[in-house]
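Notes for the one structure printed next.
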Amino acid sequence: MSEILKVNDVSFKYPAETELALKNVTLSCMKGEWLSVTGHNGSGKSTLAKLLNGLLLPDSGNVEVEGLFTTNMDELWEIRRRVGVVFQNPDNQFVGTSVRDDIAFGLENFGVPRDEMIRRIDESVKHVGMEQYLDQEPHLLSGGQKQRVAIAGILAQAPSIIILDEATSMLDPMGRKEVLETVRTLNKEKGITVISITHDLEEALHSDRVLVMNKGRVSALGAPSDIFSNTSLILDAGLDTPFSVKLSQKLREEGVPLTRDYLTQEELVKALWTLKSGS
């Protein structure tokens with residue numbers, strides 16, 4: 001896989017603050033991968049999300065998206081088309097009186113011709129399973145449906161990367177499942193790169209890689225199995241270990257002969273079933 005996004009030694013400070021929000025952050029994201037960014041509140045993960053599509057600009061270093069730089073004002077508009085962000089509260093993103101109008105608004109801003117606009121709207125709502133709601137008022141939808149409409153609005157702009165900035169944190173379990181399944185399908189079938197800013201470790205477990213932020217710095221970057229099996233790293237970052245890891249450790253303390261910590265409930269259940277079947 002090739003690199004689609006690079007963050008090169010980026011530091012950033014909010015004007016009213018004395019401390020840097022990000023300190024010499026360097027990372028890369030591969031085309032088609034799902035990268036989860038996690039960390040405690042104030043670790044810098046949401047600041048990083050805003051830097052990735054130019055909503056914020058670095059004080060030093062640079063952010064590169066498919067060869068374009070956010071610090072180049074002539075390239076910033078194209079970067080924002082290629083990097084779509086789904087925020088925590090979908091109501092803050094709606095500007096149209098219907099789902100159709102809301103998706104059309106973004107396309108009009110990018111100067112998409114009408115015939116092409118109609119095609120993109122129809123295609124994007126079909127991808128997120130919301131075609132029957134095109135004429136519905138967005139504020140009447142459920143939380144999960146609202147986020148799927150927000151994703152459709154971004155998808156219509158033909159992005160290379162979708163950033164989920166705590167996009168499921170306000171949803172109930174069903175809404176969270178709807179949104180994650182939708183984005184996972186887009187990731188697998190359309191090859192869209194996904195960067196998920198999240199404090200939900202169970203969600204991060206299913207990523208290709210996990211980036212842990214701590215006090216504005218990159219604390220760790222690697223496969224979920226490597227990250228979440230390192231208990232001291234997780235605790236130092238102000239996070240909690242996943243439930244399945246905790247349970248695996250507790251069961252071993254009680255004498256259950258598990259060979260390792262299991263990251264997901266499915267893996268743990270399978271291991272316990274294997275032990276039971278072999279006894």
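Listed values, structure above:
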| item | result |
| --- | --- |
| Test result for residue 241, touching a Ser or Thr at 6+ places or on another chain (Cβ under 9 Å), open to solvent by less than 50 Å² (accessible area, probe 1.4 Å) and free of Cβ contacts under 8 Å to residues at least 24 places away in the same chain | no |
| Checking residue 99 against (1) out of contact with any Gly (no Cβ under 7 Å at 6 or more places or on another chain); (2) at pLDDT 90 or above; (3) in the same structural domain as residue 24 (by the TED database), the condition it does not meet | (3) |
| Single residue of the stretch 244-279 satisfying the filter (among the aliphatic types (A, V, I, L, M) and either closer than 18 Å to residue 206 by Cα or open to solvent by 70 Å² or more (accessible area, probe 1.4 Å) (or both)) that is farthest from the chain's Cα centre (by Cα) | 269 |
| Test: residue in the stretch 49-57 that is hydrophobic (A, V, I, L, M, F, W, C), more than 20 Å from the chain's Cα centre (by Cα) and open to solvent by less than 60 Å² (accessible area, probe 1.4 Å) | no |
| Strands (runs of 3 or more DSSP E) fully within the stretch 190-277 counting 1 or more residues that are among the β-branched types (Val, Ile, Thr), modelled with pLDDT of 90 or more and closer than 30 Å to residue 157 by Cα | 193-197, 209-214 |
| Residue among 84, 96 that is in a loop (DSSP other than H, G, I, E, B) and either under 21 Å from the mean Cα position of the chain (by Cα) or not charged (D, E, K, R) (or both) | 96 |
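The values are calculated or read from the model by the stated rules, or taken from the named source; none is laboratory data. Here the structure is a predicted model, which means the values were calculated and not measured. Using ideal geometry, Cβ is built from the backbone for each residue, glycine included, and neighbour counts are taken over all protein chains shown. These accessible areas exclude ligands, DNA and RNA; they are computed on the full protein's heavy atoms, side chains included. Shrake-Rupley method; radii C 1.70, N 1.55, O 1.52, S 1.80 Å.
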